[in-house]
Amino acid sequence: MKRESVPWRVGAREFDCNERTLVMGILNVTPDSFADGGRYSGLDEAVKHGIQMAADGADFVDVGGESTRPGSDPIPEGEERDRVVPVIEALVAEIGAPISIDTRKAEVASDAVSAGATIVNDVSAGADPKMFGVVAGTGAAMVLMHMKGEPKTMQKAPHYDDVVAEVHEFLEERLSAAVAAGIEFERLCVDPGLGFGKGFEHNITLMRELESLRDLGRPILVGPSRKSFIGQILDAEVDERLEGTAGAVALLVERGANIVRVHDVREMVRVVRVVEAIARGR
């Protein structure tokens, strides 16, 4: 399948997201994230893991200090800042891969970019009224994700008349709002938000019809890693979803994902390489 070039400007670099599928490593420095809560909440453990992900082939490392798992509550801004800023500062000195800050809070995003992050990954797509201004002012890249509702209640019987059309419409509107606020179009990326206010069939449908988002003209990031739909298919707990994640990543690469966001970087980099060698002759 031939694809047109979709560049993503991240800091001073430009990634051609159709040259190959890129891999974003997840670094949760939280005590309560659904997949790895508490494992990397210490500074030394977090930095060591971030360095290892870069060595394993991560193109980006996404640092998050607030869990957005279903049922979670927001944490104070200062607490989130204290978790992420030291990790970002340390990683910038150690690895060449761009650092992403996973946050919904504009002030945390601002401090993270000052510490060296060059991507703001916002699961609320700019719900904080100050967020777009911060991103525009710093020149950071940004990921706009679709989420229906808030993490606390988003999985309580989410309903869509047409999940693909509604996610597309939302992302199109947020792209327009971001550009109107001064963020360069080439610095934006979209994410359909698997597991964020979506039931099993919604997630499956979005993955199956991922190419419907390509006409937005921006790179598509997807995060299937260890998600509940994999657990439902395999009847597997969170720490038993590696193979299921690999299957989802393989399908997403074939369906047009430009970036996959994953916990298990080494394994998923290998999955991506094999799929691309077969599907695209790379």
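The values are calculated or read from the model by the stated rules, or taken from the named source; none is laboratory data. Here the structure is a predicted model, which means the values were calculated and not measured. Positions of Cβ are generated from backbone atoms using ideal geometry, with glycine treated the same way; all protein chains shown enter the neighbour counts. When the accessible area is computed, the model is the full protein with side chains, heavy atoms only, and any ligands, DNA or RNA have been set aside. Shrake-Rupley method; radii C 1.70, N 1.55, O 1.52, S 1.80 Å.
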Quiz item: Going by the conditions given, is ALA109 open to solvent by less than 10 Å² (accessible area, probe 1.4 Å) and either assigned to a helix (DSSP H, G or I) or under 20 Å from PRO151 (Cα atoms) (or both)?
Solution: yes
Exercise. Taking the options PRO151, PRO158, PRO129, name whichever one is more than 24 Å from ASP59 (Cα to Cα) and touching a Ser or Thr at 6+ places or on another chain (Cβ under 9 Å).
Key: PRO151
Quiz item: So which residues in the range 251-261 are open to solvent by 30 Å² or more (accessible area, probe 1.4 Å) and either of a type in the set (A, V, I, L, M) or touching a residue at least 40 places away in the same chain (Cβ under 8 Å) (or both)?
Solution: LEU251, ARG255, ARG261
Quiz item: Within the range 119-135, which residues are over 10 Å from the mean Cα position of the chain (by Cα) and farther than 23 Å from GLY96 by Cα?
Solution: SER124, ALA125, GLY126, ALA127, ASP128, PRO129, LYS130, MET131, PHE132, GLY133, VAL134
Practice problem: Within the range 139-148, track down each residue that is of a type in the set (A, V, I, L, M, F, W, C) and open to solvent by 50 Å² or more (accessible area, probe 1.4 Å). | Solution: none
Self-check item: Lone unmet requirement of (1) outside any helix (DSSP H, G or I); (2) on the phi < 0 side of the Ramachandran plot for GLY182
Solution: (2)
Practice problem: Could you identify the single residue in PRO158, PRO129, PRO70, PRO151 that is loosely packed, with under 15 Cβ neighbours inside 10 Å and either assigned to a loop (DSSP other than H, G, I, E, B) or touching a residue at least 60 places away in the same chain (Cβ under 8 Å) (or both)? | Solution: PRO129
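So that you can scan it fast, the table gives a plain yes or no per residue for (1) modelled with pLDDT under 95; (2) surrounded by fewer than 22 Cβ atoms within 10 Å (Cβ to Cβ):
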residue: ALA165; (1), (2): no, yes
residue: GLU172; (1), (2): no, yes
residue: ALA181; (1), (2): no, yes
residue: PHE185; (1), (2): no, yes
residue: GLY195; (1), (2): yes, no
residue: ARG208; (1), (2): no, yes
residue: PRO219; (1), (2): no, no
residue: PRO224; (1), (2): no, no
Self-check item: Filter result for the condition that a residue is in contact with a Leu (Cβ under 9 Å, 6 or more places away or on another chain) and hydrophobic (A, V, I, L, M, F, W, C), over VAL238, VAL167, VAL249
Solution: VAL167
Quiz prompt | Per-region count, the range 262-272, residues under 11 Å from THR21 (Cα atoms) and touching a Pro at 6+ places or on another chain (Cβ under 9 Å) | solution = 0
Exercise. Specify the residue that is modelled with the highest pLDDT; the eligible residues are those in the range 1-49 that are in a loop (DSSP other than H, G, I, E, B), charged (D, E, K, R) and closer than 25 Å to GLU80 by Cβ.
Key: ARG39
Quiz item: Can you name every residue in the range 262-282 that is at pLDDT below 95 and open to solvent by less than 30 Å² (accessible area, probe 1.4 Å)?
Solution: GLU276
Practice problem: State all residues of the range 73-94 that are surrounded by fewer than 19 Cβ atoms within 10 Å (Cβ to Cβ) and closer than 18 Å to ALA140 by Cα; if no residue qualifies, say none. | Solution: GLU89, VAL92
Practice problem: Looking only at the range 75-85, decide whether some residue is farther than 21 Å from GLY195 by Cα, in contact with a Pro (Cβ under 9 Å, 6 or more places away or on another chain), part of a helix (DSSP H, G or I) and not basic (Lys, Arg). | Solution: yes
Exercise. With respect to ASP239, determine if the residue is surrounded by fewer than 20 Cβ atoms within 10 Å (Cβ to Cβ), under 25 Å from ILE26 (Cα atoms) and of a type in the set (D, E, K, R).
Key: yes
